[in-house]
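Accompanying notes for the structure given below.
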Amino acid sequence: MKTVRADDGTDYVLLKRSDDASLVRDPTTGNECYVRNDRLETVDRSPLETAAGAVSEPVRTLVTNVHDEKTLGLLFELVERGPTDVRTLLDVTDLCESDLHGTLTVLTAAGLLEETTVADERGYRVTEDGTVALEWISVENQPDS
(Lines give C-alpha, C1' and ligand atoms only; values in the text may rest on other atoms or scores of the structure.)
Protein backbone atom coordinates (compact mmCIF):
# COMPACT_ATOMS: atom_id res chain seq x y z
CA MET A 1 0.00 0.00 0.00
CA LYS A 2 1.07 3.55 -0.74
CA THR A 3 -0.50 6.97 -0.55
CA VAL A 4 -1.14 8.59 -3.91
CA ARG A 5 -2.62 11.94 -4.87
CA ALA A 6 -4.81 12.46 -7.90
CA ASP A 7 -4.44 15.55 -10.07
CA ASP A 8 -7.60 16.94 -8.42
CA GLY A 9 -5.83 16.93 -5.01
CA THR A 10 -7.62 13.90 -3.54
CA ASP A 11 -5.45 11.52 -1.50
CA TYR A 12 -6.06 7.80 -1.96
CA VAL A 13 -4.68 4.54 -0.67
CA LEU A 14 -3.17 2.65 -3.61
CA LEU A 15 -4.48 -0.91 -3.65
CA LYS A 16 -3.21 -2.25 -6.98
CA ARG A 17 -1.27 -0.82 -9.92
CA SER A 18 -1.34 -2.02 -13.51
CA ASP A 19 0.33 -0.60 -16.61
CA ASP A 20 -2.39 1.96 -17.37
CA ALA A 21 -4.47 2.48 -14.23
CA SER A 22 -4.42 1.92 -10.50
CA LEU A 23 -7.09 0.71 -8.12
CA VAL A 24 -7.38 3.24 -5.29
CA ARG A 25 -9.59 3.68 -2.22
CA ASP A 26 -10.83 7.00 -0.92
CA PRO A 27 -10.42 6.70 2.87
CA THR A 28 -13.18 9.20 3.63
CA THR A 29 -15.84 7.35 1.64
CA GLY A 30 -14.44 3.83 1.31
CA ASN A 31 -15.18 3.95 -2.43
CA GLU A 32 -12.76 2.14 -4.70
CA CYS A 33 -12.15 3.12 -8.31
CA TYR A 34 -9.57 2.95 -11.05
CA VAL A 35 -7.60 6.10 -11.88
CA ARG A 36 -5.19 6.46 -14.79
CA ASN A 37 -1.58 6.32 -13.62
CA ASP A 38 -0.71 9.59 -15.37
CA ARG A 39 -3.20 11.34 -13.03
CA LEU A 40 -1.52 9.99 -9.86
CA GLU A 41 1.60 10.90 -7.97
CA THR A 42 3.11 9.12 -4.98
CA VAL A 43 2.89 11.09 -1.72
CA ASP A 44 5.42 10.76 1.10
CA ARG A 45 2.83 9.83 3.73
CA SER A 46 2.11 6.52 5.39
CA PRO A 47 -0.86 4.75 3.81
CA LEU A 48 -2.01 3.97 7.35
CA GLU A 49 -2.18 7.69 8.13
CA THR A 50 -4.12 8.18 4.91
CA ALA A 51 -6.48 5.34 5.83
CA ALA A 52 -7.12 7.08 9.17
CA GLY A 53 -8.82 9.80 7.12
CA ALA A 54 -11.93 7.63 7.44
CA VAL A 55 -12.28 9.09 10.94
CA SER A 56 -13.21 12.75 11.43
CA GLU A 57 -10.39 15.07 12.49
CA PRO A 58 -11.88 15.84 15.94
CA VAL A 59 -12.21 12.12 16.75
CA ARG A 60 -8.67 11.40 15.49
CA THR A 61 -7.40 14.18 17.73
CA LEU A 62 -9.26 12.72 20.70
CA VAL A 63 -8.07 9.17 20.06
CA THR A 64 -4.43 10.17 19.61
CA ASN A 65 -4.26 12.47 22.65
CA VAL A 66 -6.40 10.80 25.32
CA HIS A 67 -4.48 7.83 26.64
CA ASP A 68 -6.37 6.84 29.78
CA GLU A 69 -9.82 6.79 31.33
CA LYS A 70 -9.11 9.62 33.79
CA THR A 71 -8.30 12.00 30.94
CA LEU A 72 -11.37 10.93 29.02
CA GLY A 73 -13.48 11.32 32.15
CA LEU A 74 -12.10 14.81 32.72
CA LEU A 75 -13.26 15.83 29.25
CA PHE A 76 -16.74 14.41 29.82
CA GLU A 77 -16.89 16.12 33.23
CA LEU A 78 -16.00 19.46 31.65
CA VAL A 79 -18.72 19.00 29.03
CA GLU A 80 -21.27 18.42 31.81
CA ARG A 81 -20.05 21.24 34.06
CA GLY A 82 -19.22 23.77 31.36
CA PRO A 83 -16.31 26.15 31.90
CA THR A 84 -14.73 25.25 35.23
CA ASP A 85 -12.01 26.93 37.26
CA VAL A 86 -8.86 25.03 38.17
CA ARG A 87 -9.57 25.04 41.94
CA THR A 88 -12.88 23.29 41.37
CA LEU A 89 -11.20 20.76 39.08
CA LEU A 90 -8.67 20.00 41.82
CA ASP A 91 -11.51 19.54 44.32
CA VAL A 92 -13.71 17.29 42.17
CA THR A 93 -11.04 15.08 40.62
CA ASP A 94 -8.61 12.63 42.15
CA LEU A 95 -5.70 14.16 40.23
CA CYS A 96 -2.86 15.86 42.04
CA GLU A 97 -2.03 19.40 40.98
CA SER A 98 0.90 18.41 38.74
CA ASP A 99 -1.05 15.60 37.03
CA LEU A 100 -4.02 17.89 36.46
CA HIS A 101 -1.76 20.61 35.08
CA GLY A 102 -0.06 18.14 32.73
CA THR A 103 -3.36 16.72 31.53
CA LEU A 104 -4.86 20.17 30.94
CA THR A 105 -1.72 21.22 29.04
CA VAL A 106 -1.85 18.18 26.74
CA LEU A 107 -5.56 18.59 26.06
CA THR A 108 -5.16 22.31 25.40
CA ALA A 109 -2.23 21.75 23.03
CA ALA A 110 -4.32 19.17 21.17
CA GLY A 111 -7.15 21.68 20.74
CA LEU A 112 -9.63 19.69 22.84
CA LEU A 113 -9.68 22.26 25.68
CA GLU A 114 -9.18 25.99 25.82
CA GLU A 115 -8.26 28.22 28.69
CA THR A 116 -10.93 30.63 29.88
CA THR A 117 -11.76 32.78 32.89
CA VAL A 118 -14.34 31.57 35.39
CA ALA A 119 -15.25 33.90 38.27
CA ASP A 120 -12.03 35.86 37.74
CA GLU A 121 -9.95 32.69 37.95
CA ARG A 122 -8.19 30.58 35.35
CA GLY A 123 -10.39 27.81 34.05
CA TYR A 124 -10.95 25.50 31.11
CA ARG A 125 -13.72 24.57 28.74
CA VAL A 126 -14.06 21.94 26.05
CA THR A 127 -13.59 23.29 22.52
CA GLU A 128 -16.10 22.76 19.74
CA ASP A 129 -13.87 20.05 18.23
CA GLY A 130 -13.63 18.37 21.63
CA THR A 131 -17.39 18.44 22.04
CA VAL A 132 -17.93 16.99 18.56
CA ALA A 133 -15.47 14.16 19.24
CA LEU A 134 -17.04 13.32 22.60
CA GLU A 135 -20.52 13.28 21.06
CA TRP A 136 -19.31 10.81 18.41
CA ILE A 137 -17.90 8.37 20.95
CA SER A 138 -20.56 8.68 23.66
CA VAL A 139 -22.58 5.63 24.63
CA GLU A 140 -25.74 7.29 23.32
CA ASN A 141 -24.36 7.05 19.77
CA GLN A 142 -23.25 3.43 19.94
CA PRO A 143 -25.24 0.78 18.06
CA ASP A 144 -27.23 -1.65 20.17
CA SER A 145 -25.31 -4.78 21.05
Any residue at all in the stretch 101-118 that's among the polar types (S, T, N, Q), at pLDDT 95 or above and under 30 Å from Thr28 (Cα atoms)?
yes
The helices (runs of 4 or more DSSP H) lying wholly within the stretch 78-145 that contain at least 1 residues that are touching a residue at least 40 places away in the same chain (Cβ under 8 Å) and among the acidic types (Asp, Glu) are 128-137
Condition (residue is in a helix (DSSP H, G or I), in contact with an Asp or Glu (Cβ under 9 Å, 6 or more places away or on another chain) and surrounded by fewer than 17 Cβ atoms within 10 Å (Cβ to Cβ)) applied to the stretch 60-72: is it met by at least one residue?
yes
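The values are calculated or read from the model by the stated rules, or taken from the named source; none is laboratory data. These numbers come from a predicted model, not from an experiment. Every residue, glycine among them, receives a Cβ derived from its backbone with ideal geometry; neighbour counts consider all protein chains shown.
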